[in-house]
Structure formats: structure tokens, C-alpha cells
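The values are calculated or read from the model by the stated rules, or taken from the named source; none is laboratory data. None of the values given here were measured: they were computed from a predicted structure. FYI the Cβ positions are ideal-geometry reconstructions off the backbone, even for glycines, and counts take in every protein chain you see.
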Amino acid sequence: MRTDHESIQPDYEARWEAIYRGGAQLNLYPHDQVVSWFGARFPDADSRAGLRVLDLGCGAGNNLWFLARAGFSCSGIDVSPAAVDFARERLRREGLEAQLEVGSFASLPFGSAGFDIVLDRGGLAAVDLATASRALAEAGRVLRPGGTLLFTPFGEGTRIEGAKGRLIGHLWSRTDVERALPPDSWRVAHWLRVEKRDEFGAGDVRIEWWIEAERTGEAA
């Protein structure tokens, strides 16, 4: 797998549509980090009331399913029509609501300053640095001042063999993150490094940043 900072995923839209249309990556349940963060920050219905959450790269809607059940007002966007169709039908069957859009998170079809939280749980990891940086700028535009971005890119040093490794768009350095979240627009509240290595000697090394940033300044 390449580890430089050039785009290795120029055809990510077609690739992900093929993946979802083929029935792969149709995850049903939310990521544990998402459950833990939202559960700790908003433990009851009163704290969740009226909060708008946007999921970038929502895929099959597994995190939206959790958020809608928990009482948040949810929106999601993904480049794959097949994934969005799957998510929409699943939510409909369970009587849950979310605004779902097919499109690029580098050009969001939402108005400015309309969301309290923008969630990226691995979506931006699938695209090149330039696309992800534009998506973060768009996240800042659609967040209200004081709103929160949750950003989880793969970090330098990640080594994932096989098909999943080929789907990573960029391995982020600290400098990459600092440039994409400039201090005149963002205040980074938490920045954690999560590293996973197989205890039995397999080659995979997963290094993820868990970044929580507050949108500062006036709405774009």
C-alpha cells in the first residue's frame, strides 16, 4: 500500500458504489466510538432535543440508525446511491427519519450554519487529501459557530493489508490535520491517537486520529 500523500483514490465514487451495490460494507450497527461519544456527551432526551447531526460518508446508515433512535435530528450524505437507498429503506422500515442525500462531501448540499455536529466516522479516510480538506472546509461552513466536528482519519504508519488497505485514500500527518483545521476557523478540543496492532504478529497496524474540533468565528 502506498504511504505518500498523493491521491490513491481518484475513482472512489465508482469504487464505493460497486462495493455497496455488491452487498459489501452494508454495516448494520454503529461504531463503538460514536456510541460512546454521543452517549457520554448527551446522556438523555433533553440534552439531545433539537440537535442536528450530519454524517459525512454515511454509507449504509449504521450510525444514522443509532442517532435517529437516540432522538437526534439526522442528515447523511454518501457518494453511493446504493448505500443511500439501503439506508433510506432500513430507516423507513423501522419508522425512523433522516435526511439522506447522494453527493460529494466536498460540496455539501446543505445551507450554512445549520448543524450542531458534523460526524466523520471513516468517510474522509476513503478519499485523497485535497478532497478531504475541501470536505472539512465544507463541514465548517454547515456548522453553526460553536458547533462540533468529529474527524477520524487514518494516521501515518497505518499498514492494512488486502482489500481494505487499498480503499484508504490518504494517511494523515499531524501537519496535514493542522493545515486542514486552521486555528482561525477551528479550536481543537481533543486529539487522540488510537493504535491497534495484532497481538499474534499479523502485519496490520491501524493508527487513527480521534479529533474533536469546535467551529470558531462567524458562519461562512
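Observations on the structure shown:
- Condition check for I160: among the β-branched types (V, I, T) and within 19 Å of D32 (Cα to Cα): no
- Look at region 85-102: where a residue is in contact (Cβ under 8 Å) with a residue 24 or more places away in the chain and a partner is among the charged types (D, E, K, R), sitting 6+ places away or on another chain with Cβ atoms under 6 Å, you get L100/R88.
- Any hit, region 101-118, residues being modelled with pLDDT of 95 or more, surrounded by 16 or more Cβ atoms within 10 Å (Cβ to Cβ), aliphatic (A, V, I, L, M) and assigned to a loop (DSSP other than H, G, I, E, B): yes
- Those residues of region 139-196 which are part of a helix (DSSP H, G or I), in contact with a Ser or Thr (Cβ under 9 Å, 6 or more places away or on another chain) and either at pLDDT below 95 or buried (at least 20 other Cβ atoms within 10 Å of the Cβ) (or both), in sequence order: G140, V142, G165, A180
- Selection of region 205-220 for residues being touching a Ser or Thr at 6+ places or on another chain (Cβ under 9 Å) and assigned to a loop (DSSP other than H, G, I, E, B) yields T216, G217, A219, A220.
- If only residues of region 66-100 that are within 15 Å of the chain's Cα centre (by Cα) and under 18 Å from A139 (Cα atoms) are counted, the one that is surrounded by the fewest Cβ atoms within 10 Å (Cβ to Cβ) is L100.
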